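The structure appears right after this line, and notes come after that.
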Amino acid sequence: MKTSLKSLRVATALLLLLALAGCEPEPRDNAALFKSLHGQWIVINYWAQWCKPCIKEIPELNALDENHADITVLGVNYDGATGDDLAAQIATFGVSFQTLAEDPAALLGVPRPIVLPTTLIINPQGELVNSLVGPQTLESLRAATVEQEGPAT
C-alpha cells in the first residue's frame, strides 16, 4: 500500500511538472512562431513594468489581439524577465497576448528599440512595415495594420 501511494504521489508530481512546463507564457522558437503566423498581421509590442505608457496601452493591445482574428499581438518584456517574474508581471498588468521568451529584433533584422513603448508592425508577407514609438490606441494599431491594405478588389 505504501509503495502504491508513493508511486501515485510521484506520478502526480511528474504530471504536475509536465503540465506546468506546458503552461509557459512564451514560446521558445521565434522563427517557427513567425513562420506559423505567415499570412496574418503581427504586432510586436515592447513593454516594461516601469514604463507607465506601456502599462496604459496593454488593454488596447489585448483588445486588438482578442477582437481581430487577422492580427496576432506578441509582447516582448524589455527587461528580459522570465519564469515566475515574467508570469507575475503578466498577471499584474493583465497582459492577455502571448509574450515572447526572446527579443525578436535580431531575427527581424532591426535594432532593439531604445524608447518604450515601441510596437513593430509586420504585414502578412512577413515584412516589417512600421515601427510605432509611444503609446498606441486600438484605432492607431488598426490603422497601422489591416486598414493599411485598403479596400478589397
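Do the conditions hold for VAL73, that is, is it touching a Leu at 6+ places or on another chain (Cβ under 6 Å) and modelled with pLDDT of 95 or more? Break it down into steps so the answer makes sense when it comes.
Numbers: touching a Leu at 6+ places or on another chain (Cβ under 6 Å): yes; modelled with pLDDT of 95 or more: yes.
In short, yes.
If THR145 passes every condition in (1) surrounded by 17 or more Cβ atoms within 10 Å (Cβ to Cβ); (2) modelled with pLDDT under 95; (3) hydroxyl-bearing (Ser, Thr, Tyr); (4) out of contact with any His (no Cβ under 9 Å at 6 or more places or on another chain) but one, which one does it miss?
Unmet for THR145, out of (1) surrounded by 17 or more Cβ atoms within 10 Å (Cβ to Cβ); (2) modelled with pLDDT under 95; (3) hydroxyl-bearing (Ser, Thr, Tyr); (4) out of contact with any His (no Cβ under 9 Å at 6 or more places or on another chain): (4).
The conditions are (1) in contact (Cβ under 8 Å) with a residue 40 or more places away in the chain; (2) assigned to a loop (DSSP other than H, G, I, E, B), and ALA69 fails exactly one of them. Which is it?
The failed condition is (1).
Taking the condition of a type outside the set (Asp, Glu), out of contact with any Lys or Arg (no Cβ under 8 Å at 6 or more places or on another chain), surrounded by 14 or more Cβ atoms within 10 Å (Cβ to Cβ) and at pLDDT below 95, does LEU120 pass? Let's see the steps before the verdict.
Values: of a type outside the set (Asp, Glu): yes; out of contact with any Lys or Arg (no Cβ under 8 Å at 6 or more places or on another chain): yes; surrounded by 14 or more Cβ atoms within 10 Å (Cβ to Cβ): yes; at pLDDT below 95: no.
Against the criterion (of a type outside the set (Asp, Glu), out of contact with any Lys or Arg (no Cβ under 8 Å at 6 or more places or on another chain), surrounded by 14 or more Cβ atoms within 10 Å (Cβ to Cβ) and at pLDDT below 95), LEU120 does not qualify.
For the range 24-66, how many residues are assigned to a helix (DSSP H, G or I) and over 20 Å from ALA91 (Cα atoms)?
7
The values are calculated or read from the model by the stated rules, or taken from the named source; none is laboratory data. Quick caveat, the model's predicted, so the values are computed rather than measured. When we count neighbours, we look across all protein chains shown, and the Cβ atoms used for this are built from the backbone with ideal geometry, even at glycine.
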